Amino acid sequence: MALQLDARQLRWLKALLFLLALVPLARMLLLTVSGQLVEPLEFITRSTGDWTLYLLTLTLAITPLRRLTGWNWLIKLRRMVGLYVFFYALLHFLTFLWFDHFFDVVAMWKDVLKRPFITVGLIAFVLLIPLALTSNNAMIRRLGGKNWQRLHQLVYVIAPLAVLHFWWMKAGKHLLGQPILFGVVLGGLLLFRLGWAYRQRQLAA
């Protein structure tokens with residue numbers, strides 16, 4: 001029998017998830033303020049990027065997990081996780097703009113055009129913006145369910161771009177273990193979704 005949660009339990013779970021998603025930020029701030037980091041800017045940049053990928057992976061895992069387990073309440077957590085993906089991606093971008101370029105947009109653009117891994121990362125971030133802006137019930141009603149779903153399919157473009165950004169960044173340091181792992185996991189989740197969609201079309205035919 002599938003695990004079911006009532007409204008009260010779901011509220012508590014959402015509150016717990018909200019707090020847990022803030023733990024990485026709290027850790028970054030604590031380590032930075034306490035002076036425990038040798039390279040705090042590098043640590044913050046790396047950590048915000050890593051957590052963007054962790055949460056993006058979790059977002060894409062929710063639908064397959066719901067379908068495999070029958071835990072339909074999981075879908076009610078996806079919006080919050082998705083917004084935290086944008087939150088950490090925004091912090092990652094602001095770290096780059098602030099600490100690397102001191103808000104010099106011209107210098108930032110030169111860097112974006114010069115280094116492909118930054119170009120790809122910026123494209124992925126920009127594509128996240130409309131998803132974050134439309135992650136509310138009012139925008140779903142305004143766009144219409146089908147148009148909203150089409151827009152949010154951008155996540156299938158964002159995920160590969162995010163992994164490519166991570167891959168190129170790590171390739172310069174010859175550290176490909178994590179990028180390969182993310183690529184395999186995200187690739188598997190995307191293939192699951194494609195397989196499910198194909199199966200549904202076959203059943204409907």
Discussion item. What does the C-alpha gyration tensor say about the overall shape of the stretch 118-205? Classify as rounded when a/c is under 1.5, otherwise prolate if a/b is larger than b/c, or oblate.
Written reply: oblate
Fill in: Cα gyration tensor, the stretch 14-63 - rounded (a/c under 1.5), prolate or oblate
oblate
Fill in: Rounded Å value of the spacing that divides the Cα centres of the stretch 75-108 and the stretch 176-190
21
Worksheet item: Of I123, T45, W148, whose Cα points farthest to the positive end of the dipole of the chain (charges on the beta-carbon: +1 Lys, Arg; -1 Asp, Glu; origin at the Cα centre)?
Response: W148
Response to the item:
From DSSP H assignment alone, runs of 4+ in the chain each adding -39500 (n - 2.57), the sum over residues rounded to the nearest 500 puts [θ] at 222 nm at -27500 deg cm²/dmol
Worksheet item: Among all lysine pairs in the chain that are eight or more places apart or on different chains, how many have alpha carbons less than 24 angstrom apart?
Response: 6
Discussion item. Quick check for you: which residues of the stretch 178-205 have the amide N under 19 Å from the point 7 Å beyond the Cα of Q149 toward its beta carbon?
Written reply: 190-205
Worksheet item: For F192, what is the net charge nearby, where nearby means another residue's Cβ is under 14 Å from its Cβ and Lys, Arg count +1, Asp, Glu -1?
Response: +4
Worksheet entry | Percentage relative contact order, the chain, counting C-alpha pairs under 8 Å, at least six apart | 20
Response to the item:
Counting Lys and Arg as +1 and Asp and Glu as -1 over every other residue whose Cβ sits under 14 Å from the Cβ of A7, the net charge comes to +3
Worksheet entry | Neighbour net charge for F117 - beta-carbon separation under 14 angstrom, K R +1, D E -1 | +3
Practice prompt. Note down the magnitude of the dipole of the stretch 14-197 about its Cα centre, charges +1 on Lys and Arg C-beta and -1 on Asp and Glu C-beta and zero elsewhere, to the nearest 20 debye.
Written response: 880
Discussion item. Could you tell me how far the Cα centroid of the stretch 1-50 sits from the Cα centroid of the stretch 136-157, in Å?
Written reply: 27
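What are the membrane-span-like helices in the chain by this rule: whole DSSP H runs, Cα extent along the axis at least 24 Å, mean Kyte-Doolittle hydropathy at least -1.0?
Counting only whole DSSP H runs, the qualifying helices are 7-33, 40-69, 75-95, 116-133, 177-204.
Every number here is computed from the coordinates shown, using simple stated rules; none is lab data. None of the values given here were measured: they were computed from a predicted structure. When we count neighbours, we look across all protein chains shown, and the Cβ atoms used for this are built from the backbone with ideal geometry, even at glycine.
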